[in-house]
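Encoded as structure tokens, the structure appears first; notes follow it.
The values are calculated or read from the model by the stated rules, or taken from the named source; none is laboratory data. Since we're looking at a predicted model, the values are computed, not measured. Cβ placement follows ideal geometry from the backbone for every residue including glycine, while neighbour counts extend to all protein chains displayed. We work out accessible area using only protein heavy atoms, side chains counted, and drop any ligands, DNA or RNA first. Shrake-Rupley method; radii C 1.70, N 1.55, O 1.52, S 1.80 Å.
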Amino acid sequence: MAFYLPLPPMKLQKLYIETYGCQMNVVDSEVVVAILQQNNYQLTEDVNEADLVLVNTCSIRDNAEQRVRSRLREFKRLKQQNDGLTVGVIGCMAERLKEKLLEEETMVDLVVGPDAYRELPALLQEVESGQKGINTLLSLEETYEDIRPVRMDRNHVTSFVSIMRGCDNFCSYCVVPGTRGRERSRDPETILGEVSNLFEKGYREVTLLGQNVNSYEWDEKVQPVKFENLLERVAQIDPMLRVRFATSHPKDMSDNLLQMMAGYPNLCRAIHLPVQSGSSSVLSRMKRKYTREHYMDRIDAIRKILPGTSISTDVIAGFCGETEEEHLETLSLMEWAAYDLSYMFKYSERPETFAARKYEDDVSEKIKVRRLNEIIALQMKLSLESKQRDVGQTYEVLVEGTSKKSEEELYGRTSQNKVVVFPRGTFAPGDYVNVNIQSCTSATLIGITV
Ligand code: 5AD
Ligand code: SF4
């Protein structure tokens, strides 16, 4: 008979993770935590007690990368005080810069791209043995579909669910196809399973995520599952579950999708449809695959088929060769579309994109700033008008939590994705409450429950 000495229990390692960039990165961080929790790591919110610091990064604009670089300098100081600390860079910057990141940021121990998170435990062992760990292989299949993300949201009411990864559009300004690889969709059964599980746990809203959600397609042998089929099945999980999705590409925004949505009130009446520019010539240089007219036709379709839907967008100011007339076309389109919300950016040239290779970044910084400011000023006006239209109306609000300004108030969102603040009463996060809107700012609706 053999006797085995019990192995000493391995000390739990503490993981601190910081996330930059888009909502996809938020879910990716949750996937990373799930992978590491199964490998002796426990999440901490205190960076000072961490054994491992991971920074999930974004490359979309240069300033996003600069922010991460300055944060890395702070972690460098922390490492000088704590020899045992491992620092890893994951996500889009890891993918874009690869070994160069290890050369430029010598304190970084680990560089892992968005498709290689399953390798993290093995790479951490390499780091432990004194080497640097790096894996930036992109995959044609990886969707992490079997991994249940460890939710790090604070409200336990709303959550993100990734349904596809990568992008095949190659807009000329964009690094994403290079950093996140080819487009691939996730098995619908695993998506439905994850969403049902969230609902059972008390979540009341999910946002289906992908770089280009409306080109989702899963090849079932009998019949392919397209985005509208998937969305309908998610909507059917429970009428008390709100469903949002982002981001949609205007070229794939079909009438079929909108008509299906009209039959399900729990499919939120808010559509994010990035326009980027209101000028067909700029859109052509951006390789966006639609014109100003096509975009306007899609907005008309949304207004007709789903009246009362809020529409938001992304806009880039000062793209290569943008003339004053082209910029004015962006302003006039924004005014026409009466956007409820916009995310507005100055063009930032990204290495190795089509635009960086073929066009000159020839709009001066001064003009870019001025055009961006005009776009922001216009959107401030449109946002305020959008909120003012809601004053006097009653909306169903899903409560998310306590208002930042007062313990006595709760906040939540309308189906149109507008934030509403109202007196707490006896309500709690996860409740649906009817709120009559009494007043507003350009960012928030203020109401009373009815
Ligand atoms: N410069 C500025 N903005 C960009 N975006 C993407 N690439 C760039 C770039 N090189 C913006 C687009 C996109 C959003 C996520 O970021 O508007 O929709
Ligand atoms: Fe970038 Fe265009 Fe893909 Fe969006 S659709 S991620 S802007 S390439």
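Can you tell me the alpha carbon radius of gyration of the stretch 168-314 divided by the globular rule-of-thumb value 2.2 N^0.38 Å?
Values: Rg = 15.9 Å, N = 147, 2.2 N^0.38 = 14.7 Å.
This ratio for the stretch 168-314 stands at 1.08.
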Using the Cα centre of the stretch 110-236 as origin and beta-carbon charges of +1 (Lys, Arg) and -1 (Asp, Glu), tell me which of Thr158, Pro188, Leu198 is placed farthest towards the positive end of the dipole. Thr158
Tell me, for the chain, which Cys residues have no other cysteine's C-beta sitting closer than 4.7 Å. Cys22, Cys58, Cys92, Cys167, Cys268, Cys320, Cys440
P(r) of the stretch 305-383 over all Cα-Cα pairs, binned every 10 Å from zero, in whole percent: 18, 45, 27, 9, 1
In this structure, among Lys289/Lys358; Lys289/Lys418; Lys100/Lys132, pairs with alpha-carbon gaps over 21 Å are Lys289/Lys418
Value of Rg/Rh across the chain [Cα atoms, Kirkwood radius]: 0.98
Taking His249, His294 and ranking on accessible area (1.4 Å, protein atoms only), highest first, one gets His294, His249
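Under a Cβ-Cβ cut-off of 15 Å, what is the net charge of the residues other than Phe75 that fall near it, where Lys and Arg count +1 and Asp and Glu count -1? Please report the intermediate quantities before stating the final value.
Details: positive: Lys14, Arg67, Arg69, Arg71, Arg73, Lys76, Arg77, Lys79; negative: Glu18, Asp46, Glu49, Asp51, Glu74, Asp83, Glu104, Glu105, Asp109.
In short, -1.
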Scan of the chain for chymotrypsin sites (Phe, Trp or Tyr not before Pro) in DSSP loops with at most 14 other beta-carbon atoms within 10 Å gives a longest site-free stretch of 171-450
May I ask for the angle, rounded to the nearest 10°, between helix 365-388 and the longest principal axis of the chain, with both axes built from Cα atoms and the value confined to 0 to 90°? 70
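Would you list Lys366, Lys76, Lys14, Lys387 from the most to the least accessible area, probe 1.4 Å?
Working: Lys366 170, Lys76 90, Lys14 55, Lys387 15 Å².
Highest to lowest solvent-accessible surface, that is Lys366, Lys76, Lys14, Lys387.
Rounded to the nearest 5, what is the percent of antiparallel bridges among the DSSP beta bridges in the chain? Write out the running numbers ahead of the final one.
On the way: 23 of 66 bridges.
Here the share of antiparallel DSSP bridges comes out near 35 percent.
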Ignoring solvent entirely, what values of log10 I(q)/I(0) come out of the Debye formula for the stretch 82-228 at 0.11, 0.19, 0.20, 0.22 Å⁻¹ when each Cα is a single scatterer? -0.53, -1.17, -1.21, -1.29
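Normalised radius of gyration for the stretch 5-61, please: alpha carbon Rg relative to 2.2 N^0.38 Å, two decimal places.
Numbers: Rg = 13.7 Å, N = 57, 2.2 N^0.38 = 10.2 Å.
Normalised by 2.2 N^0.38 Å, the Cα Rg of the stretch 5-61 equals 1.34.
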Which residues qualify? For Leu445, with a placed amide H closer than 5 Å and at least 5 residues away or on another chain, they are Val419, Val420, Val421
Go through the stretch 133-168 and name the GluC sites (Glu not before Pro) that are in a DSSP coil and have 14 or fewer other Cβ atoms within 10 Å of their Cβ. Glu141
Show me, for the stretch 31-44, the HN-Hα J-couplings you get by feeding each phi into the Karplus relation (A = 6.51, B = -1.76, C = 1.60, θ = phi - 60°), rounded to Hz, glycine and proline as x. 5, 4, 4, 4, 5, 6, 4, 7, 10, 6, 10, 10, 6, 10
Cut-off under 5 Å, modelled amide H: who pairs with Ile134 long-range: Val111
Once amide H atoms are placed 1.01 Å from N in the peptide plane, what residues at a sequence separation of 5 or more from Thr313, or on another chain, have their amide H within under 5 Å of its amide H? Leu273, Leu341, Ser342, Tyr343
Could you tell me the distance between the Cα centroids of the stretch 213-263 and the stretch 376-426, to the nearest Å? 27
Quotient of Cα radius of gyration and Kirkwood radius for the stretch 1-155, i.e. Rg/Rh, equals 0.99
Evaluate the charge dipole of the stretch 289-356 about its Cα centre and quote only its size in Debye, nearest 20, assuming +1 on the Cβ of each Lys and Arg and -1 on the Cβ of each Asp and Glu. 360
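Out of the stretch 370-418, which GluC sites (Glu not before Pro) are coil in DSSP terms and have no more than 16 other C-beta atoms within 10 Å?
Details: sites: Glu374, Glu385, Glu396, Glu400, Glu407, Glu408, Glu409; in loops: Glu407, Glu408.
Counting only loop positions with at most 16 other Cβ atoms within 10 Å, the GluC sites (Glu not before Pro) in the stretch 370-418 are Glu407, Glu408.
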Solvent-accessible area per residue for the chain (1.4 angstrom probe, square angstrom): 46
For the stretch 119-221, size of Cβ-based charge dipole, Lys and Arg +1, Asp and Glu -1, in debye: 420
Once the Cα atoms of helix 324-337 and of the chain are each reduced to a long axis, what angle between those two axes, in degrees from 0 to 90 to the nearest 10, is obtained? 80
Dipole of the stretch 344-424 [Lys/Arg +1, Asp/Glu -1 at C-beta], most positive-end residue of Val363, Ala377, Ser406: Val363
Considering the Cα positions of the stretch 274-409, please state its Rg to one decimal place and its Dmax as a whole number of Å. 17.6, 56
In a Debye calculation with equal point scatterers on the alpha-carbon sites of the stretch 82-156 and no solvent, what is log10 I(q)/I(0) at q = 0.25 Å⁻¹? -1.14
Do the sum for the chain: with -39,500 (n - 2.57) for every DSSP H run of n ≥ 4, divided by all residues, what is the mean residue ellipticity at 222 nm, to the nearest 500 deg cm²/dmol? -10500 deg cm²/dmol
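Assign unit charges at the C-beta atoms only (+1 for Lys and Arg, -1 for Asp and Glu), then state the dipole size of the chain relative to its Cα centre in Debye, rounded to the nearest 20.
Numbers: 56 positive and 67 negative charges, 133 e Å.
Once rounded to the nearest 20, the dipole reads 640 debye.
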What the 10 Å binned alpha carbon P(r) of the stretch 388-450 shows, as percent of pairs per bin from 0, is 26, 63, 11
Rounded if a/c under 1.5, otherwise prolate or oblate - the stretch 157-217, Cα gyration tensor axes: prolate
Any chance you could look up the accessible area of Cys440 with a 1.4 Å probe, heavy atoms only, rounded to 10 Å²? 40
Tally up the carbon and sulfur contribution to the accessible surface of the chain as a whole percent, 1.4 Å probe, everything protein left in place. 51
Acute angle (nearest 10 degrees) that the helix 62-81 long axis makes with the longest principal axis of the chain, alpha-carbon atoms: 30
Candidates per GluC sites (Glu not before Pro) in the stretch 293-360, loop by DSSP, up to 12 other Cβ within 10 Å: Glu352, Glu360
Projected onto the charge dipole of the stretch 45-93 (+1 at Lys/Arg Cβ, -1 at Asp/Glu Cβ, origin at the Cα centre), which of Gln80, Ala64, Ile90 gives the Cα projection farthest towards the positive end? Ala64
